[in-house]
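Comments concern the structure below.
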Amino acid sequence: KECASTRIIIKNTRDEYKDKALFVTAEYSNETNRIALTFNPDTVDLLMELKGYAMIDLLTFGQFESKYSGRFYDLAWSFAGNAGRNGNPRGAWYFEMTIEELRQYFQLDPAKYKLTKDFRVNVVEKALSEINEKQDKLHMEAVPLRKGKFLLGWRFNCTKRMDAKDGAQTSGGF
């Protein structure tokens, strides 16, 4: 049901954006335990406009119960091109986001999680905990970015985990 209402929003500036449905149809059969998704042809053009992309393992993505987990997982992999570059160790990278940027990214109603503690626990901590528990490709940790006692956002340290197929160590660290 969530797939049927998934939307793609691409912002060019603060005042200009494109908003399209990702799928035209989303069908599920309990009998066969299969999902059939038909992509909206209009979203192909929007996706082609993106400067970066991330290939996501849908089986892993589908294990997440929290919508925030899936979005963080996708977001983390979209920065994976920085692994081993710009001073990052091999197999490791990071990205930083303010609370306001995360609120916009997750399209949160301003009334939802008004207290920073509620936002931190329900959006960031629960999602990263689920990501780290339910898959073996990526480890994420959130390091608070503060100005005095005020929490501004987080630096999300990401580490690619050991490749289970060939046993090659690909993770780095911070």
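Values quoted throughout were computed directly from the atomic coordinates according to the rules given, and no laboratory measurement underlies them. Worth saying up front: this structure is predicted, and the values here are computed from it rather than measured.
If the segment from Glu101 to Val143 were pulled out straight at 0.36 nm per residue, it would be longer than the present Cα-Cα gap by 13.5 nm.
Cross-linked pairs Lys67/Lys114; Lys67/Lys137; Lys18/Lys126; Lys20/Lys112; Lys67/Lys149; Lys18/Lys114: Cα-Cα separations exceed 21 Å for Lys18/Lys126; Lys20/Lys112; Lys67/Lys149; Lys18/Lys114.
Couplings for the range 129-134, taken from phi via the Karplus curve 6.51 cos²θ - 1.76 cosθ + 1.60 with θ = phi - 60°, read 4, 5, 4, 6, 8, 9 Hz in order; Gly and Pro are left as x.
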